[in-house]
Structures are given as C-alpha cells and as structure tokens.
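Report on one structure; see the data block that follows.
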C-alpha cells in the first residue's frame, strides 16, 4: 500500500470515532498504539497504562540511519500535571532498554502546554547505541484555527524544529495535526522526507 493511500485510509478513520491528545500515558487501564516515521527511523509502539501516572510498552524500531532493527522495552512517567480552566501542562520522564544489547538504551524528558487554541511542546532525548551516543531535541508550536467541541474533528497548524547531534543541524518545517475521538494523525514533510505520526487509543 502506497504512502498516499495509507494517509487517506488513516484520515478516513478520523471521521468514524467520539478526543485524543498525543500524550504518552493513557487513562488507567487504557492502551495506545503509535506509528512514527521520519528520515531517521520508523517506530511501531504499543503501551499499556496501569495508571494515569505511567505507561509501559514495546517499541519495534527500524533504524534507517544505522541500518538496524531492534525492540525496545519503554516506560513513561507523568512527573507533573497542572490543569486550569483555560490550559493544561504536562511533564514526563521517559526511558527505554533494547532487547538487542544492554548498551542500547534511551532516556529523556518531554512536556507540553496547551489551551484550546495554542499548543507548545519540547523533548530532550538521549540515545545510546553500540555504534554512537547522541541526543535529539525537538520543539513544537501550533494553533487551532477554530475551537472544536468534544466530538468535533480538531485541526492544528503546527511548526516543528528539531536537531540531533548526528546531523548537528536544526530542521524546521510545518505540519498539520488532526484528531477526533480516539484517533490522531500528524503529517509533515521536509526535503522530500515524510514525517508522520499516527496514534489510536483503545
């Protein structure tokens, strides 16, 4: 199935669901499946949340840069959350260990702050492999052109800037985010490379 057809199929799913936020911890007892693909790697990630405070799961990684494939055991912990009438902020710790080698692991911190019309986030992740150790930095800023109700299709116009210490340069590009019910998809492109994130909760 071609990439355009995949996007259309996933996009169609957005209209059949009853609001999901791209967060790495679900409700207590909830499960999440995430798919991410960019020029560095493709990831298939399932996690379960025994509590709203943390999740644990498995991630299959196709590392395009190092031409490797491996499985990570990953966990994320909600360090801090603040809700107000107008906004919410979240701060998370994350870590993972590869089943391939004890020298292949990751850890980091990421967070977000949002209102119904503005979204900001950051991530700082350290990745260690047998071949190389490096960090990834990412910042996102976006706005919603309209404030949808609970069951509406929500749309966000986003700008992402990211850098890793392998390529050692910042890349900035726009992308668009849609979510409705338990489905979310983010799509962007930079220098002919797709940056895609799909998520479903169940």
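The values are calculated or read from the model by the stated rules, or taken from the named source; none is laboratory data. A quick note: this is a predicted structure, and the numbers were derived from the prediction, not measured. Every residue, glycine among them, receives a Cβ derived from its backbone with ideal geometry; neighbour counts consider all protein chains shown.
Key figures
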read-out	value
Residue that is nearest to the chain's Cα centre (by Cα) [pool: residues in segment 23-43 that are over 19 Å from residue 123 (Cβ atoms) and not in a loop (DSSP other than H, G, I, E, B)]	33
Scope segment 137-151; condition surrounded by 13 or more Cβ atoms within 10 Å (Cβ to Cβ) and at pLDDT below 95; matching residues	148
Check on residue 179, touching a strand residue (DSSP E or B) at 6+ places or on another chain (Cβ under 7 Å) and at pLDDT below 95	yes
Unique residue being modelled with pLDDT under 95, part of a strand (DSSP E or B) and touching a strand residue (DSSP E or B) at 6+ places or on another chain (Cβ under 6 Å) when the list is 107, 77, 70	70
Some residue of segment 167-175 being surrounded by fewer than 17 Cβ atoms within 10 Å (Cβ to Cβ) and more than 30 Å from residue 104 (Cα to Cα)	yes
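Residue by residue, here is whether (1) more than 21 Å from residue 45 (Cα to Cα); (2) at pLDDT below 90; (3) in a loop (DSSP other than H, G, I, E, B); (4) in contact with a strand residue (DSSP E or B) (Cβ under 9 Å, 6 or more places away or on another chain) holds:
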position	(1), (2), (3), (4)
90	no, no, no, yes
119	yes, no, no, yes
155	yes, no, no, yes
168	yes, yes, yes, no
